[in-house]
Amino acid sequence: MSARLVLDRHTARPGDEVAHMIINDADRPLEFGLGYGLEQHTADGWVEIPVLDVFAAVGLGVDPGMTSRAMTMTVPGDLEPGRYRISKQIWVDQADDRPFRDREECICAEFTVEA
C-alpha cells in the first residue's frame, strides 16, 4: 500500500487539536471515513484507547498523487504523557470499477502527548 497518514504536529497536550491527512502515493483512488482509532504505546505494545466521539457516516476519497483535506482530532483531556498514534482505515478502489472494495488496510501516525 502506498498511502501515508501525516500529522500537522508531533507533540500535543490534552485538549489540543491534531490535524491528520492521508497522502495517496498509490496508482488507484483510496476511500476512507471520518472515524479514527487512538492507541497508546505501553510496555506490552500498542493498546487501543476507546474513542468517544461520534462520526458521521460519510465516504471520503483521495485520488492518486493527492493529499486529503485535513481532519482533526481533539486529544482527550485524560491522556497521560507518552507515545500515541492515530489510525485510519482505508480502502483501495477496484481496478475494474466493481462495486466492492479491493482491500482494507490501516495506516497510522505517531505523536507524543506532553503534560
> Among V58, V47, which is the only one that is over 12 Å from the mean Cα position of the chain (by Cα) and either modelled with pLDDT under 95 or not aliphatic (A, V, I, L, M) (or both)?
Replying inline: V58
> Yes or no: G37 within 25 Å of R103 (Cα to Cα), touching a residue at least 40 places away in the same chain (Cβ under 8 Å) and in contact with an Asp or Glu (Cβ under 9 Å, 6 or more places away or on another chain)?
Replying inline: yes
> Just for strands (runs of 3 or more DSSP E) wholly inside the range 6-115: which have at least 2 residues that are in contact with a helix residue (DSSP H, G or I) (Cβ under 8 Å, 6 or more places away or on another chain), surrounded by 14 or more Cβ atoms within 10 Å (Cβ to Cβ) and aliphatic (A, V, I, L, M)?
Replying inline: none
> Considering the range 52-76 alone, what residues qualify as being of a type in the set (V, I, T) and in contact (Cβ under 8 Å) with a residue 24 or more places away in the chain?
Replying inline: V58, V62, T67, T72, T74, V75
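The values are calculated or read from the model by the stated rules, or taken from the named source; none is laboratory data. Predicted, not measured: the structure shown is a model, and the values here were computed from it. Here the Cβ is made from the backbone with ideal geometry for all residues, glycine too, and neighbour counts use every protein chain on show.
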